[in-house]
1. If amide H atoms are built 1.01 Å from N in the plane of the peptide, which residues on other chains or at least 5 residues away come under 5 Å of the amide H of I57?
2. Show which lysines lie in cross-link reach of K219 when reach means a straight Cα distance below 16 angstrom and same-chain residues fewer than eight apart are skipped.
3. Name the long-range amide H neighbours of I371: under 5 Å, sequence gap of 5 or more, or other chain; modelled H, no Pro or chain starts.
4. Under a plain spin-label model, where a point goes 7 Å from the Cα along Cα-to-Cβ, how far apart in nm are I180 and R108?
5. Scan around N274 for amide H atoms under 5 Å from its own, H built in the peptide plane at 1.01 Å from N, and keep only partners 5 or more places away or cross-chain.
6. Of the trypsin sites (Lys or Arg not before Pro) in the stretch 1-76, which ones lie in a loop per DSSP and count no more than 10 other C-beta atoms within 10 Å?
7. Name the trypsin sites (Lys or Arg not before Pro) in the stretch 251-295 that are in a loop by DSSP and that have at most 10 other C-beta atoms within 10 Å, would you?
8. Only sites in a loop by DSSP and with at most 12 other Cβ atoms within 10 Å count here; which trypsin sites (Lys or Arg not before Pro) in the stretch 301-353 make the cut?
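Nothing in this text is a laboratory measurement; each read-out follows from the coordinates by a stated rule. These figures come from a predicted structure and were not determined experimentally. Methodologically, a virtual Cβ is constructed for each residue, glycine included, from the backbone with ideal geometry; neighbour enumeration extends over all protein chains shown.
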Amino acid sequence: MLRVSVLSVDGKPLMPTKASRARRWLKQRIAKVIHNDLNIFQIQLMQSPETSHTQSIVVGIDPGKLYTGIGVQSAKFTLWLAHLQLPFNTVRKRMDQRRIMRRGRRSRRINRKVVFTKRAHRQKRFDNRCHGSRIPPSIRAKSAGQSTLSGELCANRELELRVLGEISDIYPITVIVYEIIKANGDKSFSPVMVGQKWQLGNLRNDWGDENVFVIEGWKTSQIRTQLGLEKQKHSKGDTVPATHAVDGVALACSQFIDYGIVSRQLMGWRGSVNVTSAPFAVISRPPVSRRQLHLMVPAKGGVRRKYGGTVTRHGFRKGDYVEAIQAGRVYRGWVSGDTEKRVAVSDANWVRIKQFSAKKVRLLQRSTGLIVTGTKVPVHVSSVV
């Protein structure tokens with residue numbers, strides 16, 4: 001049975017309720033529908049409830065290099081599943097392109113026939129060969145458009161933080177379980193280990209050491225098997241719960257069941273949890289290019305046109321969810337570009353649908369920095385005691 005997330009009058013997350021009760025509250029006008037960036041159906045009470053007690057709700061995060069699985073679980077219900085598509089490959093290509101452009105500029109600017117001390121370049125401000133525990137951009141995956149104390153908001157590990165922050169505004173989260181890996185050799189040498197350590201530091205700073213737990217992959221596999229959840233080990237890029245979201249559910253369930261001493265002479269699984277059907281979402285960031293003053297290669301006549309950025313000349317922003325009409329047909333998608341008179345609209349995979357006249361494009365939702373799609377997908381139901 002699907003559950004509907006509920007907010008109190010002051011916006012505090014409460015325990016999810018039955019869909020029938022939510023419909024009754026809406027009909028009686030004691031609740032209203034609230035929008036959130038994850039497109040999870042949610043209501044907010046318009047009067048104070050009799051009680052605001054909450055039960056334990058756990059978020060399980062199965063991080064990866066290209067994909068991340070997330071599961072939100074209570075003792076009786078699976079509340080939400082997500083498949084995060086991470087921009088690792090896109091960022092690697094852009095970093096390579098940036099390196100080529102920088103080298104090209106240096107070669108044009110610096111006269112290498114002049115003595116080194118008299119060349120037209122600045123002196124080094126830091127030793128860029130001494131990285132230490134620096135996180136590579138491909139792991140951290142920088143994204144344009146938003147800022148933090150460390151620079152620009154990132155989209156790989158920080159996409160997990162962004163989604164987790166949205167979840168905490170929807171459900172009364174109590175515990176976070178994060179899957180870790182162990183690499184042989186020096187931990188500071190492995191980019192994945194460095195990113196993992198950095199992420200756990202963020203989670204513990206935000207949620208406290210007592211509310212963040214870590215589990216190794218082999219234990220996740222055991223829990224998943226015990227729950228009867230099937231894992232798809234081929235085609236890891238498929239946007240289905242069986243690829244990564246089931247691991248998120250298994251991680252969350254680790255707070256309700258464990259393997260240990262059942263009696264003086266017996267080992268077994270203790271505790272109980274129900275894995276039920278739940279909404280499933282696929283989340284990615286719109287791959288908008290950062291604003292550049294010009295392209296790499298000059299056009300005819302030596303002119304380089306402006307490239308990138310999020311602003312269009314028709315009042316839309318790249319990443320806006322819009323509705324467009326052409327030849328009597330209605331299309332919906334995300335703004336991905338523009339020309340003098342037209343707006344380019346793309347689907348969730350950022351593949352262009354068509355270019356539409358700007359006058360026939362209607363804004364449905366401003367860009368949130370996320371592309372969220374998905375449907376209600378049934379997950380295997382299991383009860384463990």
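1. Counting only residues 5 or more places away or on other chains, the set is T174, V175.
2. The reachable lysines, counting only those whose Cα sits under 16 Å from K219, are K182, K231.
3. S284, R285
4. With each label point 7 Å from Cα toward Cβ, the separation is 4.8 nm.
5. Here K76, F77 satisfy the definition.
6. R29
7. Here the sparse-neighbourhood loop sites are R264.
8. R305, K306, R313, K341
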